[in-house]
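Beneath this line is the structure, given in structure tokens, with notes to follow.
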Amino acid sequence: MSDTLFDLARQARTIMQINSAYFQSKVLQSAVELGLFDMLAERPATVEAIVSELKIRPRMALDFLDALVGLGLLTRDAGEYGLAAGVGEFLTTSGGHYVGGSIVQHARKHYRLWADLTETLQDLAAEENVLYGTKSFLKVYENHEIVRNLMNHMDTYNGFVGPQLATAIDWSGYQSFVDLGGARGNVAAQLVTAIPHLQGGVYDLPPVEPLFDEHMAKKGTTGRVTFYAGDFTQDELPATDAIIIGHVLHDWTPEYRAKVIARTFEAIRPGGALLVYDAMLDDERVDAPALLQSLNCRVLSRGGGSEYSVAECREWTEAAGFTFDKAVDLETITNDRVVVVRKPA
């Protein structure tokens, strides 16, 4: 076979690996949904035991399990399957950085919406039927179980953020902060744990409050983080030294983003700071993971959501009256960036 034919085969293989990448994601998602990783965390098991306990079709089981071995998520030894090293931290419900909540969200919502991407790209009428802003979230939050699943999904993506925000700025001169759209307070709990003198706050919609109370009790931060119920696009924001907006602005139109940022300027005390983090786009728009994350926002919202660049964020904050300080790369699942701006003293 000629070198040219080898090169063509490699190029075709790369394209087809992209085409079938969902094979891997669906195997992982099904394993989480079935409870396979939790089962194997208790004890290694034979294929027969797994088939019996998880009610998997015997004809499918061997390829399913061995694919997970090939992906590095399971081990196979003497006819028994077990967890690969380090997997339990992320894929068992008792793990310290469990990401299964997000995996289930992707399986049950994201994947199904992406299946219709071609139609979505061409659906011009969809732009006229979008529930923008707070209305869209209130609709979702009508179902308590959906809210809980959404919180699990959010915490997967913000789980590595708090400790890094703790070092993003010098907090010694600040006594308080509010996490705008902070969900059940995962980042806030991380931050007050890392910096004991801080008093935290979370501002979100009323249906989230019971889950916030539950999460604070779990994290041991009850009393150190206050929940503020309301709509941050129109209700009064509490006065504070700093405000955090993370994985929030990408759900909104640019006009909404500018409006929310302008409202934070009034709430932040003179000399205070605003920290905005998201999977921000690079100026050259060649970062494929960030661009796919941005497209995911558009698919989910069918309207105004998308990622944005540091330059765009800086423009919105400076228009509101803030002074740009810096942008810092974060080591997170989505390679977030945090933009830090200051309110003049």
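The values are calculated or read from the model by the stated rules, or taken from the named source; none is laboratory data. Note that this is a predicted model, so its numbers are computed, not measured. Don't worry about glycine lacking a Cβ; one is built from the backbone with ideal geometry, like all the others, and counts go over all protein chains shown. Note: areas computed on protein heavy atoms with side chains; ligands, DNA, RNA excluded. Shrake-Rupley method; radii C 1.70, N 1.55, O 1.52, S 1.80 Å.
Tabulated values for the structure
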{"item": "Approximate spin-label separation Asp325-Ala84, in nm, with each point projected 7 Å along Cα-to-Cβ", "result": "4.0 nm"}
{"item": "Average projected area [Cα convex hull, the chain], square nanometres", "result": "21.5 nm²"}
{"item": "Accessible area, probe 1.4 Å, largest first, for residues Leu28, Leu36", "result": "Leu28, Leu36"}
{"item": "Within the stretch 153-304: Cβ-based charge dipole about Cα centre, in debye rounded to nearest 20 (Lys, Arg +1; Asp, Glu -1)", "result": "160 debye"}
{"item": "Where labels lie 7 Å past Cα in the beta-carbon direction, separation of Glu214 and Ile333 in nm", "result": "1.9 nm"}
{"item": "Global form of the stretch 197-242, assessed from the alpha-carbon gyration tensor, a/c cut-off 1.5", "result": "oblate"}
{"item": "Surface share of carbon and sulfur [accessible, 1.4 angstrom probe, percent] for the stretch 218-278", "result": "47 percent"}
{"item": "Arg263 - accessible surface, heavy atoms, 1.4 Å probe, Å² rounded to 10", "result": "60 Å²"}
{"item": "Note, ³J(HN,Hα) from phi for the stretch 328-345, Karplus 6.51, -1.76, 1.60, rounded to Hz, x at Gly and Pro", "result": "10, 6, 10, 8, 10, 4, 9, 6, 5, 10, 10, 9, 10, 10, 10, 8, x, 6"}
{"item": "GluC sites (Glu not before Pro) within the stretch 242-290: DSSP coil, no more than 13 neighbouring Cβ in 10 Å", "result": "Glu284"}
{"item": "The chain, helix-only ellipticity at 222 nm - DSSP H runs n ≥ 4, -39,500 (n - 2.57), divided by all residues, nearest 500", "result": "-14000 deg cm²/dmol"}
{"item": "Inter-part distance where the stretch 181-241 and the stretch 1-41 are each reduced to a Cα centre, Å", "result": "40 Å"}
{"item": "Of all DSSP beta bridges in the chain, antiparallel share, percent nearest 5", "result": "45 percent"}
{"item": "Exposure ranking of His97, His247 by accessible area [1.4 Å probe, largest first]", "result": "His97, His247"}
{"item": "Prolate/oblate/rounded label for the stretch 172-254 (Cα gyration tensor, a/c 1.5)", "result": "oblate"}
{"item": "Solvent-accessible heavy-atom area per residue, rounded to whole Å², over the chain at 1.4 Å", "result": "51 Å²"}
{"item": "Rg(Cα) / (2.2 N^0.38 Å) computed for the stretch 216-332, rounded to two decimals", "result": "1.14"}
{"item": "Accessible area in the full protein assembly, largest first, 1.4 Å probe, for Ile50, Ile146", "result": "Ile146, Ile50"}
{"item": "Solvent-accessible area, 1.4 Å probe, carbon plus sulfur percent, for the stretch 47-107", "result": "56 percent"}
{"item": "Dipole magnitude of the stretch 59-114 about its Cα centre (Cβ charges: Lys, Arg +1; Asp, Glu -1), debye to nearest 20", "result": "400 debye"}
{"item": "Protein accessible area in the stretch 288-345, 1.4 Å probe - carbon and sulfur %", "result": "50 percent"}
{"item": "Full-extension gain in nm, Asp7 to Leu300, via 0.36 nm per residue minus C-alpha separation", "result": "101.7 nm"}
{"item": "Amide proton proximity set for Gly230, modelled H, under 5 Å, gap of 5+", "result": "Asp204, Leu205"}
{"item": "For the stretch 229-345, size of Cβ-based charge dipole, Lys and Arg +1, Asp and Glu -1, in debye", "result": "220 debye"}
{"item": "Estimated distance in nm for a label pair at Ala21 and Thr93, the labels positioned 7 Å out from Cα along Cα-to-Cβ", "result": "3.1 nm"}
